[in-house]
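The values are calculated or read from the model by the stated rules, or taken from the named source; none is laboratory data. Here the structure is a predicted model, which is why all the values come from computation and not from measurement. Here the Cβ positions follow ideal geometry from the backbone for every residue, glycine too, while neighbour counts run over all protein chains shown. When the accessible area is computed, the model is the full protein with side chains, heavy atoms only, and any ligands, DNA or RNA have been set aside. Shrake-Rupley method; radii C 1.70, N 1.55, O 1.52, S 1.80 Å.
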Amino acid sequence: VANALGFSLCGLIAWRFVRPLARSLPPGVPLSRLSSRGWYAGPKYFEQINAVSTSKATPRGIVDDLEMYRRSDFDAGLIDGEVRAFYEQTVGYRLLVRPHWRRGFRTGGRIAHRLGTWIGQMRLPVETERMEDRIESRILPVEDSVDGRIGVRAWVRTYEGTDKAMYAAAYATHSIGGDTYMNIAFPVPGGNVSSILHMDYAGSDAAAASSARGLTLSTLARVRPGGDQGVYFANRLLPVRLPINETITVWPADSKDAPVEIVRSTEKVKLLARHEMWIFGMKFLELHYEIFPDEP
């Protein structure tokens, strides 16, 4: 008992904290090793931890080319050009978000909003934003050695003209079994919340694949049974799969498939998006986005 608990167990716990830097990627889902310093992340997080790369070119989008997600049942060439441009030229767009909290979760939404303000991360809105509260974006090159994944970049979303961060996230991809996943890390105290998203056409009608259309990213298990998609809390001890799921769908503003309930407040809107979130299988929030080109 003394050998097992006093020596072996303590040695294993210590080894979890003091590990040599791996020369290859670990097995399983590659998760970021980012975490916020102290309790606050905020819009300057990547600069504060010296993660901004000086050797990489500054990216303009959260992906360089949507073709990297091509597979036997997904042709990136069928995605609408404006939708594709948003992912490949993200800095050229502004966003306006309108939250729709489900009944029973609104109090929790206010708490989550205050918590997000406190930690400077995942600051979910609780009220409909005004046009002057638009979201602006910065895309930054991130050192892979700091994050632990390959091809990392940051997308920092702030309310225009303020230092209030809606999200400060590190984006990468990973591929396995012919599937490529969007791999996003949101630094928080003690680790990061990692969202692994599977990409597909918007809608479930297979016949619609013959024409250009919108795009869906989802962590739901049913979209790719046995796939890597999911939401995790990544930390130094033991990554944990969280009982949270999300689906993000983006449509051209003139698409017949776009939900009519998403407001189109100006003719300049080019894209519409719906971000759905669940906890323990219960939907608690929908975020409706209007997406329009950045203009002086």
query: From the residues in the range 90-110 that are over 21 Å from T266 (Cα atoms) and outside any helix (DSSP H, G or I), which one is least open to solvent (accessible area, probe 1.4 Å)?
result: W101
- line: Of the conditions (1) farther than 25 Å from E160 by Cα; (2) outside any loop (DSSP other than H, G, I, E, B); (3) in contact with a Pro (Cβ under 8 Å, 6 or more places away or on another chain), the single one that V231 does not satisfy is (3)
- request: Return only the number of the condition from (1) under 19 Å from A169 (Cβ atoms); (2) small (G, A, S); (3) in contact with a helix residue (DSSP H, G or I) (Cβ under 7 Å, 6 or more places away or on another chain) that S145 does not satisfy.
  value: (3)
- request: Determine whether the range 169-183 contains at least one residue that is among the polar types (S, T, N, Q), in contact (Cβ under 8 Å) with a residue 12 or more places away in the chain and assigned to a loop (DSSP other than H, G, I, E, B).
  value: no
statement: Going through the range 50-70 in order, the residues found to be under 26 Å from G178 (Cα atoms) and open to solvent by less than 30 Å² (accessible area, probe 1.4 Å) are P59, G61, I62, V63, L66, Y69
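Quick check on my filter: what residues within the range 240-277 are within 16 Å of T219 (Cα to Cα) and either in contact (Cβ under 8 Å) with a residue 40 or more places away in the chain or among the β-branched types (V, I, T) (or both)? Full working, then the answer.
We begin by selecting, within the range 240-277, every residue within 16 Å of T219 (Cα to Cα); these are 240-250, 274-277.
If the condition is that a residue be within 16 Å of T219 (Cα to Cα) and either in contact (Cβ under 8 Å) with a residue 40 or more places away in the chain or among the β-branched types (V, I, T) (or both), then V240, L242, I244, E246, T247, I248, T249, V250 are the ones that fit.
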statement: If we keep only residues of the range 21-46 that are under 19 Å from I150 (Cα atoms) and exposed (fewer than 14 other Cβ atoms within 10 Å of the Cβ), then the residue modelled with the highest pLDDT is G28
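Please verify whether W118 is touching a residue at least 40 places away in the same chain (Cβ under 8 Å), outside any helix (DSSP H, G or I), of a type in the set (F, W, Y) and surrounded by fewer than 22 Cβ atoms within 10 Å (Cβ to Cβ), treating the condition exactly as stated.
On the way: touching a residue at least 40 places away in the same chain (Cβ under 8 Å): yes; outside any helix (DSSP H, G or I): no; of a type in the set (F, W, Y): yes; surrounded by fewer than 22 Cβ atoms within 10 Å (Cβ to Cβ): yes.
No, not satisfied.
Filtering the range 261-293 down to residues that are at pLDDT 85 or above and not in a strand (DSSP E or B), which residue is most open to solvent (accessible area, probe 1.4 Å)?
Start the filter on the range 261-293 by keeping residues that are at pLDDT 85 or above, which leaves 261-262, 268-293.
Now drop any that are not not in a strand (DSSP E or B), which leaves 261-262, 268-270, 280-281.
On the way: E261: 96, I262: 2, K268: 107, V269: 13, K270: 91, F280: 150, G281: 71 Å².
Checking each candidate, the answer is F280.
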- request: State all residues of the range 169-199 that are open to solvent by 10 Å² or more (accessible area, probe 1.4 Å), in contact with a strand residue (DSSP E or B) (Cβ under 7 Å, 6 or more places away or on another chain) and either at pLDDT below 95 or farther than 22 Å from Q121 by Cβ (or both); if no residue qualifies, say none.
  value: H174, G178, D179, T180
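Identify all residues within the range 184-200 that are within 12 Å of S36 (Cβ to Cβ), over 8 Å from the mean Cα position of the chain (by Cα) and part of a strand (DSSP E or B); write none if there are none.
Start the filter on the range 184-200 by keeping residues that are within 12 Å of S36 (Cβ to Cβ), which leaves 185-193.
After this cut, where a residue has to be over 8 Å from the mean Cα position of the chain (by Cα) as well, the list is 187-193.
If the condition is that a residue be within 12 Å of S36 (Cβ to Cβ), over 8 Å from the mean Cα position of the chain (by Cα) and part of a strand (DSSP E or B), then P187, V188, G191, N192, V193 are the ones that fit.
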field: Residues of the range 219-260 classified as crowded, with 17+ Cβ neighbours inside 10 Å and farther than 30 Å from G148 by Cα, total
entry: 5
